[in-house]
Number of protein chains: 4
Amino acid sequence: MVTSPLRADAARNRDLLLATARAVLAAEGPTLQLNDIARRAGVGVGTAYRHFPTRRALVEALADDAFTALLGEAREANRHDDAWTGVAMLLRALLLRQLADPALTEILSTGPDQDATERTTGHRDEFTTLARGVLERARAADLLRPGLADDDLQHLVCGVVFALRIGDSLEERVDRYLQVLLRGIRAG
Amino acid sequence: MVTSPLRADAARNRDLLLATARAVLAAEGPTLQLNDIARRAGVGVGTAYRHFPTRRALVEALADDAFTALLGEAREANRHDDAWTGVAMLLRALLLRQLADPALTEILSTGPDQDATERTTGHRDEFTTLARGVLERARAADLLRPGLADDDLQHLVCGVVFALRIGDSLEERVDRYLQVLLRGIRAG
Amino acid sequence: MVTSPLRADAARNRDLLLATARAVLAAEGPTLQLNDIARRAGVGVGTAYRHFPTRRALVEALADDAFTALLGEAREANRHDDAWTGVAMLLRALLLRQLADPALTEILSTGPDQDATERTTGHRDEFTTLARGVLERARAADLLRPGLADDDLQHLVCGVVFALRIGDSLEERVDRYLQVLLRGIRAG
Amino acid sequence: MVTSPLRADAARNRDLLLATARAVLAAEGPTLQLNDIARRAGVGVGTAYRHFPTRRALVEALADDAFTALLGEAREANRHDDAWTGVAMLLRALLLRQLADPALTEILSTGPDQDATERTTGHRDEFTTLARGVLERARAADLLRPGLADDDLQHLVCGVVFALRIGDSLEERVDRYLQVLLRGIRAG
DNA sequence: TATGAATGAGCCTTCATTCAT
DNA sequence: AATGAATGAAGGCTCATTCAT
């Protein structure tokens, strides 16, 4: 079954809702209210529910661009000659993409069983595969602290994101925290 | 003026409410609702509000034991001969206490301006002082990665707590993550 | 922009709420509770709040007809040839409209700063202007006891309404009290 | 049955409650809350309820002094040589006492059937008798507008009180409004 | 398909009153 | 007699979701 292309007006509404939700998410934190988004988008609640039957579906749609970009960066990390540089690229991308889009953090911090769309599950699987590649290479070269599972790394990055969001002046702390993480997971 | 000891029945209710809240917090996450706690404790809503006028007051009361214990451990870390061991003791205590009591994480992850009681503000100040002592000693011995502020450390530990809570089998991951953090913040 | 006409069902609910509120107000005094009105109207609370976001908005809507009618009568009073008859018409209308609709008394007895709608503020302003016209004409002809401000008159009528509502058999006392007032404010 | 004299401490508490209630009434309007009064008086709620089992009982106790003083003035009015002066004295006293003590207005604006104490009922009866005397004398001398019942006068004064309380700068309006009333009720 | 009115469960909070201490 | 903790009905309001138009 192929998803039928949206009618022009339906597509416009969908984009409008996403743009509005993104703005609200950035400005007011992760308490998305479909009602509120619909009103601000100048669209009926019913329309909002048609496009995004659950809050989760909306969050996934919001995160989709960031997730796609992240996959591209993960592929690049995988291709890089130097194994450790690959790890650094991967984690850096994972960190920055989440900082730039809180919706992505919500997706990555929760289980795949909560995914509303197959698309997100697919992204998740692909990312897992790519990350495994990057990390296995590093492990093969004894660059990674022994005992760290792939999931551990992903969780730790989420943790760093959380740590960064606690205080102010986030931007100037990003590299500091990233270096701590990288040094911490490195062998030796 | 000394706070008068509670009447026996009042003390019983207070404890009942705290125990209930602790159980709910552990089982269902940080969405404490005073009404709900009161109902589950088999106590009138009014009683809950008398003891804890706001959600924050309840969380602080919940966290109080853990916070007190943490202070004791921080003092111990401060007294330890070896500066680096002191740091490890401090961060380990900070990590374990939060894992054991989610209320403590809420207190530590939010601003002091939200504190409802002076007692909590006092704890916070004392912890800050103790931590500064521990960390300054380590800095004086060039044991700590340059550029890390005291707050950074506290935030990073909160981040590790967050990371640990994302997945399952939390206990077996604790030491792994803690080692990553310690290695990451160590100089050299 | 014209206020769009309500959908048929919305209009029905609005009218239902107003009718219910009017009945309750007449029967049980000025303690309007939105929750209660909604329940009695057989309508969800949310519906009540959608139509009347505050108690004040409801009271203003209730008083609207009476206020509009009062404005008509005030215009008529203003146009009447005889200045004193104009005064009598004005005060009589002010008195009778309040007796017929307690909501109007609430509006007139409280400050314009509490108005929820511009419409009510507009009514209030227009009434003030009309009343000033009527009273100025009477003052110019030395028919009004010196020293009485426009506001005094309005307050005194509210006072007479209050006096009438204290006891029973209201109707037969109206003219008596009105005559007392008219004689009292007349010069000489 | 004679009311037993209060123990000294009980009398002290009673006075304390009354003084507090009077202050609150003056400062914050007629929404007396027994709980609140008790707390402000530094007395247990239970004690407040012992002394004043209902809100009404408290209001009556509050009004008692004013009511007693009013009776004295009514007697004086009754004794005055000039019948019309007697009326003026009576109404003036009735007006000023209410302005000075809102509790008195509440008593006078409600039915005798709501009285909690016999004492208040007695006051009410005595006042009625005295007022009847004053007014009958005036009627006998054809000084009073025909058709006005004793109750009408009392209600009208309550209305004037209400009118005075609507706006600001109450004091400077008292005499103006009182003159309106006196002129209005006078024959001719 | 789009709309937005309607719904009502459910949370927060207050306060009059009772009753154990 | 005094105290004040406990109670819980009740009111205010929000918001996720459904459904008539």
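Quick check: is even one residue across the stretch C:50-72 of a type in the set (S, T, N, Q) and within 15 Å of DNA strand F (Cβ to nearest atom)? The answer is yes, given that some residue of the stretch C:50-72 is of a type in the set (S, T, N, Q) and within 15 Å of DNA strand F (Cβ to nearest atom). Looking at the stretch C:171-188, which of its residues are closer than 15 Å to C:LEU135 by Cα and more than 9 Å from chain D (Cβ to nearest Cβ)? Listed by number, the list holds a single entry, C:ALA187.
Can you tell me which residue in the stretch A:7-32 is nearest to B:THR31 (Cα to Cα), limited to those that are out of contact with any helix residue (DSSP H, G or I) (no Cβ under 7 Å at 6 or more places or on another chain) and within 12 Å of DNA strand E (Cβ to nearest atom)?
Applying the filter and picking the extreme gives A:ASP15.
Filtering C:GLY159, C:GLY133 for residues that are of a type in the set (Gly, Ala, Ser) and within 10 Å of chain D (Cβ to nearest Cβ) leaves a single hit, C:GLY159. Here the condition is being in contact with a Gly (Cβ under 9 Å, 6 or more places away or on another chain) and within 14 Å of chain C (Cβ to nearest Cβ); of D:ASP151, D:ASP142, D:ASP113, D:ASP168, it holds for D:ASP151 alone. When we screen D:LEU153, D:LEU181, D:LEU135 for residues that are under 16 Å from the mean Cα position of the chain (by Cα) and either in a helix (DSSP H, G or I) or among the charged types (D, E, K, R) (or both), the only hit is D:LEU153.
Could you list all residues from the stretch C:92-109 that are of a type in the set (Asp, Glu) and either assigned to a helix (DSSP H, G or I) or more than 9 Å from the chain's Cα centre (by Cα) (or both)? Listed by number, the list holds a single entry, C:GLU106. Taking (1) modelled with pLDDT under 95; (2) in a helix (DSSP H, G or I); (3) within 14 Å of another protein chain (Cβ to nearest Cβ) in turn, D:ARG119 satisfies each apart from (3).
Against the test of being of a type outside the set (Asp, Glu) and assigned by TED's automatic domain parsing to the domain that holds A:ASP152, the options A:THR68, A:THR31, A:THR47, A:THR20 yield a single qualifying residue, A:THR68. When you look at A:ARG39, is it within 14 Å of another protein chain (Cβ to nearest Cβ), surrounded by 12 or more Cβ atoms within 10 Å (Cβ to Cβ) and either within 16 Å of DNA strand E (Cβ to nearest atom) or under 22 Å from A:ARG165 (Cβ atoms) (or both), yes or no? Judged against the criteria, A:ARG39 is a match. For the stretch A:22-46, a residue qualifies if it is of a type in the set (Gly, Ala, Ser) and within 12 Å of DNA strand F (Cβ to nearest atom), and the qualifying residues are A:ALA38, A:GLY44, A:GLY46.
Each row is one residue, and each column tells you yes or no for (1) surrounded by fewer than 19 Cβ atoms within 10 Å (Cβ to Cβ); (2) closer than 21 Å to C:THR105 by Cα; (3) touching a Pro at 6+ places or on another chain (Cβ under 6 Å); (4) free of Cβ contacts under 8 Å to residues at least 60 places away in the same chain.
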residue	(1), (2), (3), (4)
C:ASN35	yes, no, no, yes
C:ARG55	yes, yes, no, yes
C:VAL59	no, yes, no, yes
C:ALA63	no, yes, no, yes
C:ALA66	no, yes, no, yes
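Within the stretch D:2-25, residues that are part of a helix (DSSP H, G or I) and surrounded by 13 or more Cβ atoms within 10 Å (Cβ to Cβ) reach partners that are at pLDDT 75 or above and basic (Lys, Arg) with beta carbons closer than 9 Å, at six or more positions or on different chains, in the pairs D:ALA10/D:ARG50; D:ASN13/D:ARG50; D:THR20/D:ARG40; D:ALA21/D:ARG40; D:ALA23/D:ARG40; D:VAL24/D:ARG40.
The values are calculated or read from the model by the stated rules, or taken from the named source; none is laboratory data. Since the structure is predicted, the reported quantities are computational estimates derived from the model, not experimental observations. Every residue, glycine as well, gets a Cβ built from its backbone with ideal geometry; the counts of neighbours run over all protein chains shown.
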